[in-house]
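The values are calculated or read from the model by the stated rules, or taken from the named source; none is laboratory data. All values reported here derive from a predicted model rather than from experimental measurement. Don't worry about glycine lacking a Cβ; one is built from the backbone with ideal geometry, like all the others, and counts go over all protein chains shown. The protein model used for the area step is the full one, side chains on, heavy atoms only, and it has no ligands, DNA or RNA in it. Shrake-Rupley method; radii C 1.70, N 1.55, O 1.52, S 1.80 Å.
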Amino acid sequence: MKIDRLLAIVILLLNRRMIQAKELSERFEVSVRTIYRDIDALARAGIPVVTYQGAGGGIGLSEGYRLDRALLNDEELAAIVTALRSLATSDPEADHPSLLLEKIQQIIPASRAEHFRFRTEQFIVDYSDWGSRGELQGVLSLLKQAISGLHPVHFRYKDAEGRVSSRSFEPYTLVLKHHQWYVYGRCMAREQFRMFKLIRMREVTIAEDSTFVRESIVLEELPWQQSWNKPDNQIRLVLRFSPDGVHLAEEWFDHENLEEDDDRRIIVTCRFPENDWLYGFILSFGVHVEVLEPPHVRDRIRTMVQQMQHNYDGTT
C-alpha cells in the first residue's frame, strides 16, 4: 500500500504545481504526519520534492522535473488514453484508470498538450449502462476481491431455463462481453472451466478462510470463446431478410454469408450455438427476418411469436 501511495503522490505532484499535505492525507486516508514521512521517503529516493511554507504554500516538485517519455510517441500514448477512458466507463469504482491517465498526461510537453487532448477526445467507447445497476456493482466488487485474494466463492445461479443451483467456484477473470459481465473460472463440483453471467448470480459470498492454486491458462486466447465456436456445438442457420431489413443483415453478418435473391431479399447462411440467446437474437430483427432452416428452429420461432400475440390479444 505504501508503494502505491508513493507512486500516486508523485503522479499528482507531476500534474499539479502544488498540493496541500491535508488534501493528500484526505485523499489517501492517512494522517498528515504520514504524508510528510512519505515526502521524506521520496526525497531520499531522489525525487526533487520541494515544500513551500506560508499561507499559499504546499508540496511540489522542482521546476522542469518530468518522467522519461522516450519509449512511446504521442500517437501511442493517445491510443492508451482512449482505451483507459473507455475501460473506466465499465467499472466506476476503479481508481487505476484515472491514476494512469494522470501519469500519461503529465509526460506530454506543454507545447503539444492541446493537440494531444484533441486526439484523445475524438472518440470513446462507453461500456456503462443507461441506468443504475447497484446490485451488479456489488457482485463485481466481491468477485474482484475473490480473484485478487485467490478465494473461492459460493453462490446460487439461475440458468437460462430458470433452473436454480448452488455453485462453488474458483474465479479467474471478469469478462465484459456484448455489454454483459461474466466471470470465468473453474467450477469445483464439475472440475471444469465455466463462464457465469453476473446478473444471474445471487447470494454471492467469498470463502475467506480458504484459497485455491490458480492454474496456468492463456487468457489471450479467450478460452471461453473456444467452446462457443466448436462445430459440434453449432447449427446451420438460414435466414431471409426483407428488402427493408437488408441493412440489418449487412450490419450483423459477414458479407461472404449474404446472398441476394430475385426479390431483392437477402439470404443469410451462418452457424451459431442453439440456445436462448439465439432465439432472442432472431426475434430482435422483428418482422424483417424469416427462418428458413432448420425446421425445428423455424417452428419454435413460430410458437414464440404466437405466444407473444396471445399475450396481447384481449388482455388488459
Checklist outcome for this item: Among helices (runs of 4 or more DSSP H) entirely inside region 88-172, those with 3 or more residues being of a type outside the set (Gly, Ala, Ser), more than 26 Å from Met201 (Cα to Cα) and at pLDDT 65 or above are 96-106, 113-120
Checklist entry - Filtering region 173-209 down to residues that are closer than 11 Å to Ala146 by Cβ and in a loop (DSSP other than H, G, I, E, B), which residue is least open to solvent (accessible area, probe 1.4 Å)? => result Ala207
Item to check | Any chance Ile19 is aliphatic (A, V, I, L, M), more than 30 Å from Ser111 (Cβ to Cβ) and surrounded by 11 or more Cβ atoms within 10 Å (Cβ to Cβ) | outcome: no
Checklist outcome for this item: Of the candidates Phe281, Phe272, the one satisfying the condition of being in contact with a strand residue (DSSP E or B) (Cβ under 9 Å, 6 or more places away or on another chain) and part of a helix (DSSP H, G or I) is Phe281
Checklist outcome for this item: Counting only residues that are aliphatic (A, V, I, L, M) and within 16 Å of Lys22 (Cα to Cα), region 36-49 contains a total of 1
Item to check | Residue list for region 144-172, filter: in contact (Cβ under 8 Å) with a residue 40 or more places away in the chain, buried (at least 18 other Cβ atoms within 10 Å of the Cβ) and aliphatic (A, V, I, L, M) | outcome: Ala146, Val153
Item to check | Selection from region 232-259 of residues that are surrounded by 15 or more Cβ atoms within 10 Å (Cβ to Cβ) and in a strand (DSSP E or B) | outcome: Gln234, Leu237, Val238, Leu239, Arg240, Phe241, Leu258
Item to check | Selected residue (criterion: surrounded by the fewest Cβ atoms within 10 Å (Cβ to Cβ)) from residues of region 22-64 that are of a type in the set (Ser, Thr, Tyr) and touching a Ser or Thr at 6+ places or on another chain (Cβ under 9 Å) | outcome: Ser31
